[in-house]
1. Please indicate, with yes or no, whether at least one residue in the stretch 252-259 is at pLDDT 95 or above and out of contact with any strand residue (DSSP E or B) (no Cβ under 6 Å at 6 or more places or on another chain).
2. Just name the residue that is modelled with the lowest pLDDT out of those in the stretch 35-53 that are within 28 Å of S73 (Cα to Cα) and surrounded by 16 or more Cβ atoms within 10 Å (Cβ to Cβ).
3. Residues D162, D158, D182, D173: which one is within 22 Å of the chain's Cα centre (by Cα), under 19 Å from G218 (Cα atoms) and either at pLDDT 80 or above or loosely packed, with under 14 Cβ neighbours inside 10 Å (or both)?
4. Applying the selection to the stretch 283-298, what residues are surrounded by 11 or more Cβ atoms within 10 Å (Cβ to Cβ), over 13 Å from V324 (Cα atoms) and of a type in the set (A, V, I, L, M)?
5. Looking only at the stretch 63-87, which residues are surrounded by 14 or more Cβ atoms within 10 Å (Cβ to Cβ) and in contact (Cβ under 8 Å) with a residue 40 or more places away in the chain?
6. Residues of the stretch 315-326 being among the hydrophobic types (A, V, I, L, M, F, W, C) and farther than 12 Å from A292 by Cβ, which ones?
7. Filter the stretch 205-246 for residues that are under 9 Å from W176 (Cβ atoms), without any contact (Cβ under 8 Å) to a residue 60 or more places away in the chain and not acidic (D, E) and give the result.
8. Would you check if there is a residue in the stretch 98-112 being crowded, with 17+ Cβ neighbours inside 10 Å, modelled with pLDDT of 85 or more and either among the hydrophobic types (A, V, I, L, M, F, W, C) or part of a strand (DSSP E or B) (or both)?
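The values are calculated or read from the model by the stated rules, or taken from the named source; none is laboratory data. Just so we're clear, the structure is a prediction, and the values are computed from it rather than from any experiment. Every residue, glycine as well, gets a Cβ built from its backbone with ideal geometry; the counts of neighbours run over all protein chains shown.
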Amino acid sequence: MADKEPVASAAEDVLVDEVVERLMDRADASGAALLGEGGLLTEITRAVLERALEAEMTQHLGYEKHDPAGRGSGNSRNGTSPKTVLTDVGAVTLAVPRDRKGDFEPQLVPKNARRLAGFNDRILSLYARGMSVRDIRSHLAQIYGVEVSPDLISKVTDAVVDELVSWQNRPLDAVWPIIYIDALWVKIRSGAVVSKPVYLAVGVDMDGRKDVLGLWVGAEGEGATTWMAVLTELRNRGVEDVCIVACDGLKGLPDAVTATWPRATVQTCVIHLIRASLRLSSARDHPRLVPALRAIYTAPTEQAAEQALDAFTVSELGERYPAVVRTWRAAWSEFTPYLAFPPSIRKVVYSTNMVESINSRLRKATRNRAAISPRNRPR
């Protein structure tokens, strides 16, 4: 018997493959679409669901369709009723069987149910992409031809609140090689619409995997005090030590990092230093300023970088823009740590670009909405 089971399973696999190939050939020959009304997957889904509903009716009545055994049983089939449900392939209109007594309760497509398993995930996906409740309703009505109430969408999105809170408070590993921290400004509706910083921390664990450690909404101004609260929360969630913390040049932030993790090395983001330098200089001088700064941050050693900065200081550009020189000298102790690493490691720690890539996706999501309400914003 044990030998027959693999043979039967293999035969079933071959049969399934043949059916799929036949269906695909038919779709190619007729030019039929995969999704939408009359689409291949839609028709397959309808056929499977209706076959299952007929099986449920047979089980409910106790006899097969057209079986003489049903005569005089006191109940029988009584035609079908059309019903449109939302599935993972879109809206599907089913012929739901009825019985004369009206006590048939389908399990696969329950009465009053308008969506099947998996549809909630689709709503959440749209919501996560920044679509408002109104946008989601409009999208579902246009694509699926089914109206969904705002209450339904709110219930679905509210269902993930517990999971979100659990994620925000989950325990973290004790040691992290690198943590990147940065802030993103977004418009938040809290009475009036105001711009507030969203603090973001991204870590790289001991296996080299990236992990978003958390997002926090701050007050109107980004400050080291708020960062201190964020870092303290990370420590309270289990982060005992960090090798390198890459951050921008915010005043007081290095002190907040070392107060939280005394042995951590603070690495100021080189990209932030370059941007600050460009803001302090005229745009017409940028073509010459950028190569001069590149000689500093690409130097092979800290001593070579210092020589390059000294050369820039006495150059025409350095004398024209002393504020740029002061910016680099003020950040020097947090700028130079990455120069002690080989080039392959430098590329990983010299900037907060990893956070910037996440910020770009957050910006894309928030641009789809006029402002984030307090109900929907990160903590």
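1. Residues of the stretch 252-259 at pLDDT 95 or above: none.
Within the stretch 252-259, none of the residues are at pLDDT 95 or above and out of contact with any strand residue (DSSP E or B) (no Cβ under 6 Å at 6 or more places or on another chain).
2. Per the criteria, the residue is L49.
3. Values: D162 fails: under 19 Å from G218 (Cα atoms); D158 fails: under 19 Å from G218 (Cα atoms); D173 fails: under 19 Å from G218 (Cα atoms).
On inspection, the qualifying residue turns out to be D182.
4. Restricting attention to the stretch 283-298, the residues satisfying the condition of being surrounded by 11 or more Cβ atoms within 10 Å (Cβ to Cβ) are 285-286, 288-290, 292-298.
Subset that is over 13 Å from V324 (Cα atoms): 288, 294-295, 297-298.
Within the stretch 283-298, A295 is the sole residue that qualifies.
5. L86, T87
6. As a first pass, look at the stretch 315-326 and keep what is among the hydrophobic types (A, V, I, L, M, F, W, C): 317, 323-325.
Listed by number, the list holds a single entry, A323.
7. M206, L213
8. Yes, because at least one residue in the stretch 98-112 is crowded, with 17+ Cβ neighbours inside 10 Å, modelled with pLDDT of 85 or more and either among the hydrophobic types (A, V, I, L, M, F, W, C) or part of a strand (DSSP E or B) (or both).
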